[in-house]
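Asker: Please see the structure below; I have some questions.
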Number of protein chains: 2
Amino acid sequence: MTEIKVFCPATIANVSCGFDVLGLALESVGDFMTVRKIPEKTIRISRIVGQNLPLETEKNVSGVAGLALLAKSDYVGGFEIEIDKRIKSGSGIGSSAASSAGAVWAMNELLGKPFSKLELVEFAMQGELLASDMAHADNVAPAIYGGFALVRSYDSLDIIPLPTPAELYATVIHPQIEINTSDSRKILRTSISLAQGIQQWGNLGGLISGLYQNDYNLIGRSLHDHIFEPIRSVLIPGFDEVKTNAIEVGALGCGISGSGPSIFALSKGKHMGQRVADSMKETYSKIGVPFQVHLSKVNTQGVKKIA
Amino acid sequence: MTEIKVFCPATIANVSCGFDVLGLALESVGDFMTVRKIPEKTIRISRIVGQNLPLETEKNVSGVAGLALLAKSDYVGGFEIEIDKRIKSGSGIGSSAASSAGAVWAMNELLGKPFSKLELVEFAMQGELLASDMAHADNVAPAIYGGFALVRSYDSLDIIPLPTPAELYATVIHPQIEINTSDSRKILRTSISLAQGIQQWGNLGGLISGLYQNDYNLIGRSLHDHIFEPIRSVLIPGFDEVKTNAIEVGALGCGISGSGPSIFALSKGKHMGQRVADSMKETYSKIGVPFQVHLSKVNTQGVKKIA
């Protein structure tokens, strides 16, 4: 195999109570990427459609992630990448992670899978470092492992794949404004109150239990973020209204996707996910900011080969 | 049934990464309590052996917890309590929780179980409030539910029982010095760094996943407390040495039980738990502080009827 075409899923990081440690992958929102072997030991980005992003290897997240892989590989050649970019930069649903994760996953396939998923996450994190000045893993881990993924530790990277209840659907509204991840991080304090911490880890424990127990009600009760959402949500037009309405129509919970501006809700069943999507559209139509709405199952596979 | 005798388990709160939200119950360490119906609508503590504790209802944690139950009950009579106190006050293994939880659990049995476990935890928390100026639930919840119990939320009390891997053993060393829970809390800061918070909730997520997956290695990797242990452990003679040695002989992890001074370790299998107990004894013999060591399976039943 010298060429592979992959689907690179969009991802929702944080998932309310799992700041920097939790993310989930989407099934029907993502990029496409074609990666082929080339004789020269280099990464060449030959074509990007859909977004205006740099073709220079060192300035492109997939290029940087690919170089990290090449540096650890004994493969004497390199790779050429074509990206069909469907996820907008700065949307908050893991645009950079999709490219980083997709690139290294595809390269690993072409090389006969010499690297573990954990190693692929480490390579892809180099792309995240370029994109947001922080090598966070809460988008690239679910992009590579699929489903929900927990980053237990960054010190010695430890990714724990979590189970995904079968009827869990995510609805995402992406207001067409851009919030840069590093800007959105700068407004956060570097300390939190002990009381907030206790709330946060109680809820994360509840959410993870809910995933293991297929307990949608418990998942819903746990989807709270008392620390970051109140600060970051002021940057997102209509956040409170979208959230209130989504929960009123029946969403399990609703919060900021990653660092925003996208807002996500989780629901039990596709029908409810669609009702939440309709509610989000209705709310945003009144606000006057252009938007896109996505409805997706949770993707349990991660990046996948499509050709 | 007009009289019941119960076993009231000792408990380990926090379990390293679950400050204020996680606890586990022990099988072979605990108090005994006899509760009988009396015609007067009051709680009378007729006898306490083993510890010098107040017999006055309002000054005794089981009395206060019992009064909380009586206040919500339509039962026209009251209860008399005899306590055979084996867990020392201020030991850090839930002495007050055992009395509070045992009392209300026994009363509920005698009344034909009108109250849910969650309600019993709420009553027992009144005992905790008396004992430590804080109505925490991370000892009384596992005492009543058994096994590991997560306090997802205090705002609207939400207890999540967690699975207990069958071969999990706890070893506890209790240095015979007393640390008051409220004193041990006063030395903690009211804020933590964001970086510490992220480590803590990553580890709690990992520990809970480990319990669900029966993954002893993951449980061990998650048993870290970077926030409170460095502060509280200075009050515990030989803490670092006990911990280092316990992990060296094969414990999965080791930390402070509740607010101390007891130190706990978790191990896979009774044989390993015993090795850890031997290591703790050896370490403490050199320190010159009197101590007790307990080895116990995790109790999956909580308070239980023995006669």
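What follows is calculated from the coordinates using simple rules that are stated; it is not laboratory data. Given the structure is predicted, the values throughout are model-derived calculations rather than measurements. Reconstructed Cβ throughout: ideal geometry from the backbone, glycine too, with neighbour counts over all protein chains shown.
Asker: Within 10 Å of each Cβ in A:188-197, how many Cβ atoms from other chains are there, averaged over the peptide?
Answerer: 6
Asker: Above 44 angstrom, tally the Cα pairs of the protein assembly as shown and express them as a % of all pairs, no decimals.
Answerer: 27
Asker: Which of these, B:89, B:62, B:257, has the largest mean-square fluctuation under a Gaussian network model of chain B (Cα springs below 10 Å)?
Answerer: Result for chain B, Cα springs under 10 Å: B:89 fluctuates most.
Asker: How big is the charge dipole of chain A about its Cα centre, in debye rounded to the nearest 20, if each Lys and Arg gets +1 on its Cβ and each Asp and Glu gets -1 on its Cβ?
Answerer: Roughly 440 debye for chain A.
Asker: Be a star and scan segment A:68-90 for residues whose amide nitrogen sits under 16 Å from the point 7 Å along the Cα-to-Cβ vector of residue A:49.
Answerer: Flagged as within label range: A:81-87.
Asker: Ignore the peptide's own chain and count Cβ atoms of other chains within 10 Å of each Cβ in B:205-214; give me the average, rounded.
Answerer: Partner Cβ neighbours, averaged per residue: 6.
Asker: For a test of the definition: using alpha carbon positions, the gyration tensor, and the 1.5 limit on a/c, classify segment A:117-206 as rounded, prolate or oblate.
Answerer: Note, shape of segment A:117-206 comes out rounded.
Asker: Share of Cα-Cα pairs in chain B beyond 23 Å, in percent?
Answerer: 52
Asker: Note down the net charge around residue B:57, summing +1 for each Lys or Arg and -1 for each Asp or Glu among other residues with Cβ under 13 Å from its Cβ.
Answerer: -1
Asker: Then there is this: Please give the Cα centre distance for segment A:148-194 versus segment B:142-190, rounded to the nearest Å.
Answerer: Computed from Cα coordinates, the inter-centre distance equals 28 Å.
Asker: State, as an integer percentage, the relative contact order of chain B based on alpha-carbon contacts under 8 Å between residues 6 or more apart.
Answerer: It rounds to 25 percent for chain B.
Asker: Another question, if that's okay. Please sort B:29-37, A:34-42 by packing, taking for each peptide the average over its residues of neighbouring beta carbons within 10 angstrom, highest first.
Answerer: B:29-37, A:34-42
Asker: I need the calculated FRET efficiency for the pair residue A:195 and residue A:215, taking r as the beta carbon distance and R₀ as 30 Å, to the nearest 0.05.
Answerer: Efficiency for this residue pair is about 0.70.
Asker: Another question, then. Using a simple spin-label model with points 7 Å from Cα along the Cα→Cβ vector, what separation in nm is obtained for residue A:231 and residue A:166?
Answerer: 4.1
Asker: Give, as a single signed number, the net charge of other residues whose beta carbon lies under 15 Å from the beta carbon of residue B:73, with Lys and Arg counted +1 and Asp and Glu -1.
Answerer: -1
Asker: What ³J(HN,Hα) values, in whole Hz, does the Karplus curve 6.51 cos²θ - 1.76 cosθ + 1.60 give for segment B:259-276 when θ = phi - 60°, with x put for Gly and Pro?
Answerer: Couplings: 9, x, x, 5, 10, 10, 9, 10, 9, 8, x, 5, 4, 5, x, 5, 4, 5 Hz.
Asker: Give me the distance in nm between label points sitting 7 Å out from Cα along the Cα-to-Cβ direction at residue B:244 and residue A:56, one decimal.
Answerer: Once both label points are built, they end up 5.0 nm from each other.
Asker: Sort A:1-8, B:108-115, A:166-173 for me by packing, meaning the mean count of neighbouring Cβ atoms within 10 Å per residue, highest on top.
Answerer: Highest to lowest by the protection proxy: A:166-173, A:1-8, B:108-115.
Asker: Please give the length that would be gained between residue B:72 and residue B:287 if that part of the chain were fully extended, namely 0.36 nm times their separation in residues minus their C-alpha to C-alpha distance (nm, one decimal).
Answerer: Result for the pair: 72.5 nm of gain on full extension.
Asker: Could you give the nm distance between label points at residue A:118 and residue A:301, where each point is 7 Å from its Cα heading toward the beta carbon?
Answerer: 2.6
Asker: Got the relative contact order for segment B:168-297 handy, in percent, Cα pairs under 8 Å and 6 or more residues apart?
Answerer: Value for segment B:168-297: 40 percent.
Asker: Right, next: Provide, as a two-decimal number, the C-alpha radius of gyration of segment B:168-297 over 2.2 N^0.38 Å, N being how many residues it has.
Answerer: Relative to the rule-of-thumb radius for its length, segment B:168-297 sits at 1.05.
Asker: How do B:157-164, A:243-250 rank on mean C-beta neighbours within 10 Å, highest first?
Answerer: Packing proxy ranking, top to bottom: B:157-164, A:243-250.
Asker: Moving on. Which listed residue (B:213, B:242, B:279) has the Cα farthest towards the positive end of the charge dipole for segment B:168-297, taking +1 on Lys and Arg C-beta and -1 on Asp and Glu C-beta about the Cα centre?
Answerer: Working it through, the farthest residue towards the positive pole turns out to be B:213.
Asker: To the nearest whole number, what is the average tally of beta carbon atoms from other chains within 10 Å of the beta carbons of peptide A:152-163?
Answerer: What the average comes to for A:152-163 is 5.
Asker: Another question about this same structure. Can you give the log10 of the normalised intensity I(q)/I(0) at q = 0.29, 0.30, 0.33 Å⁻¹, computed with Debye over equal Cα scatterers of segment B:230-278?
Answerer: Rounded to two decimals, the profile gives -1.07, -1.12, -1.25.
Asker: Let me ask another. Go through A:186/A:281; A:297/B:117; B:85/B:186; A:59/A:186; B:72/B:304 and tell me which ones have a Cα-Cα distance over 25 Å in this structure.
Answerer: As for pairs spanning more than 25 Å Cα to Cα, those are A:186/A:281; A:297/B:117; B:85/B:186.
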